[in-house]
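The values are calculated or read from the model by the stated rules, or taken from the named source; none is laboratory data. Worth saying up front: this structure is predicted, and the values here are computed from it rather than measured. Cβ coordinates were reconstructed from backbone atoms using ideal geometry, including for glycine residues, and neighbour counts include every protein chain displayed.
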């Protein structure tokens, strides 16, 4: 996807790379790298960080990989966004997302606040608690931050077979979709319904995630003239690779629908495609079936 270079004044960025934070978690160990990556992908793309952190109490903090020096973040958006190629690409995507969605919110008379993109390496701190690489990218509604350890993109490519530029920016666009849900009040409504109806909590979580997928696709669809050949296929492959059923199979587990929180490969692919092809956020009502 051909993205314009970001303007430092058009993006809000915080860089925690190179900073030290208290571990704040009990130590533990994970034996199999493949299962670790499956866990990462199962948690990526917008799980409520409070739930993630609770479920990660036994994951041990990992240090930088052998032979890999941590990126040192700069003190402002210009420096942070140009620290490496992944940082620049992420900031370019964030700038495009801001330019696409902000006018639509304003036209609808809905208050818009830009999310901040927070880079961290291995471990960071969010308004929702500790951030760790094992969580994958996530959105924190408390501080309206999209948290990203860009090394996750390497893991997507090498461990999940979900490489490609559009697959990477789909990650950012999905988390931005959760920011939209926060601004629109959708996330609060879903949390309230989950508390009142625990029996459908997972189903509601799936619908929230699928809507974020659709919003990501709608952003790309609105910028169709910027898409390159193969972009759509790259995004759809990434969505297929991170379906709950695909991840459970990769981890050696039998897929159990009752435990799904993000949607199957088929569902994630369907809703991303719907957004891509329509370029219309109004086509992203993933809750319609539950209201019938």
Select from region 100-125 the residues that are assigned to a helix (DSSP H, G or I) and surrounded by fewer than 20 Cβ atoms within 10 Å (Cβ to Cβ) and list them in ascending order.
100, 102, 103, 104, 105, 106, 107
Going by the conditions given, is residue 217 in a helix (DSSP H, G or I), at pLDDT below 90 and closer than 18 Å to residue 2 by Cβ?
no
Just to be sure, is residue 252 in contact (Cβ under 8 Å) with a residue 24 or more places away in the chain and touching a helix residue (DSSP H, G or I) at 6+ places or on another chain (Cβ under 7 Å)?
no
Candidates 143, 157 - the one that is in contact (Cβ under 8 Å) with a residue 24 or more places away in the chain and either in contact with a strand residue (DSSP E or B) (Cβ under 9 Å, 6 or more places away or on another chain) or outside any strand (DSSP E or B) (or both):
143
Taking residue 97 and the conditions (1) surrounded by fewer than 20 Cβ atoms within 10 Å (Cβ to Cβ); (2) part of a helix (DSSP H, G or I); (3) modelled with pLDDT of 90 or more, which numbered condition does it fall short on, given that it satisfies the others?
(1)
Applying the selection to region 126-136, what residues are at pLDDT 90 or above and buried (at least 20 other Cβ atoms within 10 Å of the Cβ)?
126, 128
For region 259-292, the count of residues that are outside any helix (DSSP H, G or I), surrounded by fewer than 16 Cβ atoms within 10 Å (Cβ to Cβ) and at pLDDT below 90 equals 1
When residues of region 160-204 are limited to those that are touching a residue at least 60 places away in the same chain (Cβ under 8 Å) and in a loop (DSSP other than H, G, I, E, B), the one surrounded by the fewest Cβ atoms within 10 Å (Cβ to Cβ)
161
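Give 53, 30 a once-over and let me know the one that is modelled with pLDDT under 50 and out of contact with any helix residue (DSSP H, G or I) (no Cβ under 6 Å at 6 or more places or on another chain). Show your work before the answer.
Numbers: 30 fails: out of contact with any helix residue (DSSP H, G or I) (no Cβ under 6 Å at 6 or more places or on another chain).
Going through 53, 30 in turn, the sole match is 53.
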